[in-house]
Amino acid sequence: MDVISMGETMILFTPHSNGKMRYAKDFSSKIAGAESNTLIALSKLGYQTGWVSRLGKDELGERILSSIKGEGIDVRHVIFDDNAPTGLFLKQKTNEMNSKVFYYRQGSAASFMNPHDMNEEYISSAKYLYVTGITPALSDSCHEAVFQAMKAAKKNGVKIVFDPNLRKTLWDESTARQTLIKMATYADIILPGVNEGKFLFEKDNPEDIATAFHQLGAELVVIKLGEEGAYYSTENESAYVEGFKVARVIDPVGAGDGFAAGILSGLIDKSPLKETVRRGCAIGAMVVTVEGDIEGLPDKKELYEFMNAITREDVIR
């Protein structure tokens, strides 16, 4: 197994028209979850991935499991919960650059994930464990489950890749800061945004943020800079990597999940760091040109074509 992750995946309902949710009459639905987005991206690129979670024993849960399994992800360690529902959320899109989400996930099946769900033998079979800061915010038992998974990974020599993925609406800032910093002390590779660096360390310079994470023990820090690209840093190497500018942003949600998949794919392939970070930037750029979190995710051929394009109608290097 290349990558295993854990987290909540929900059903996303989106109005067909832009504007306030109160005026919406028709909706479409899709599956959405930060960790599963990244796993789907990796699966499309040809890697072996596994997902650990809980779903309600309901129609939405069945749809999520079928969809994720259909993307080639191992779902043997997904548990159906008879007593809690599958979570859902709605996305209000006022215009192309302004969207807002409304969550209905409190008491969801995924919020009942616990340390007993984290199978050490399964985690030890992976090269990388990918975790985000969303899961520990869902409940006390999810908090414990995340740290149980990271401890199992550490014990068995599995590299931990951590995206803070800060969601201030899910918990209070003090608890969030304390938990995310603690998670960072377990992580080998950390993928923050500048805003998360500022939240955690009151620093907004990428180089200072990377230094702060290195002091917590991270081997590699890759800081997302949006359309500008990214900055990466190790003990022996650091550089800024230029982003891929796109002519039009259709939907910015999911770009970070695609970025994480690009980084993980490069790490698995043992590619040079600059090439690895370019992959992350490229997939992030590709995602925002399509409506939806996973609809714009490429296979490897499409990724390389995008990265190698000198001039294309939708890409300006």
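The values are calculated or read from the model by the stated rules, or taken from the named source; none is laboratory data. Predicted, not measured: the structure shown is a model, and the values here were computed from it. Ideal geometry is used to build each Cβ from the backbone, glycine not excepted, and the neighbour counts take in all protein chains shown.
Structure above, values below:
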{"quantity": "Residue within the range 277-297 that is part of a helix (DSSP H, G or I) and of a type in the set (Asp, Glu) present", "calculated": "no"}
{"quantity": "Residue among ASP172, ASP188, ASP163 that is surrounded by fewer than 19 Cβ atoms within 10 Å (Cβ to Cβ) and either among the aliphatic types (A, V, I, L, M) or in contact (Cβ under 8 Å) with a residue 12 or more places away in the chain (or both)", "calculated": "ASP188"}
{"quantity": "Residues that are surrounded by fewer than 20 Cβ atoms within 10 Å (Cβ to Cβ) and either on the phi > 0 side of the Ramachandran plot or of a type in the set (Lys, Arg) (or both), drawn from the range 240-264", "calculated": "LYS245, ARG248"}
{"quantity": "Number of the exception - LYS127 against (1) over 30 Å from LYS270 (Cα atoms); (2) in contact (Cβ under 8 Å) with a residue 60 or more places away in the chain; (3) touching a helix residue (DSSP H, G or I) at 6+ places or on another chain (Cβ under 8 Å)", "calculated": "(1)"}
{"quantity": "Qualifying residues in the range 63-93 (those that are closer than 20 Å to MET118 by Cα and basic (Lys, Arg)) - the one surrounded by the most Cβ atoms within 10 Å (Cβ to Cβ)", "calculated": "LYS69"}
{"quantity": "Candidates ALA149, ALA126, filtered to the one that is over 26 Å from SER28 (Cα atoms), buried (at least 22 other Cβ atoms within 10 Å of the Cβ) and of a type in the set (Gly, Ala, Ser)", "calculated": "ALA149"}
{"quantity": "From the options ILE283, ILE268, ILE294, ILE263, residue that is touching an Asp or Glu at 6+ places or on another chain (Cβ under 7 Å) and closer than 29 Å to VAL158 by Cα", "calculated": "ILE268"}
{"quantity": "Residues within the range 15-37 that are surrounded by fewer than 22 Cβ atoms within 10 Å (Cβ to Cβ), at pLDDT 90 or above and either under 12 Å from the mean Cα position of the chain (by Cα) or among the polar types (S, T, N, Q) (or both), tallied", "calculated": "2"}
{"quantity": "Members of the range 292-309 found to be surrounded by 15 or more Cβ atoms within 10 Å (Cβ to Cβ) and within 18 Å of the chain's Cα centre (by Cα), listed by number", "calculated": "GLY292, ASP293, ILE294, GLY296, LEU297, PRO298"}
{"quantity": "Some residue of the range 204-217 being surrounded by fewer than 18 Cβ atoms within 10 Å (Cβ to Cβ), among the charged types (D, E, K, R), modelled with pLDDT under 95 and within 22 Å of TYR240 (Cβ to Cβ)", "calculated": "yes"}
{"quantity": "Number of the exception - LYS198 against (1) within 21 Å of the chain's Cα centre (by Cα); (2) buried (at least 17 other Cβ atoms within 10 Å of the Cβ); (3) of a type outside the set (A, V, I, L, M)", "calculated": "(2)"}
{"quantity": "Single residue of SER108, SER125, SER66 found to be out of contact with any Lys or Arg (no Cβ under 7 Å at 6 or more places or on another chain), among the hydroxyl-bearing types (Ser, Thr, Tyr) and closer than 15 Å to GLU35 by Cβ", "calculated": "SER108"}
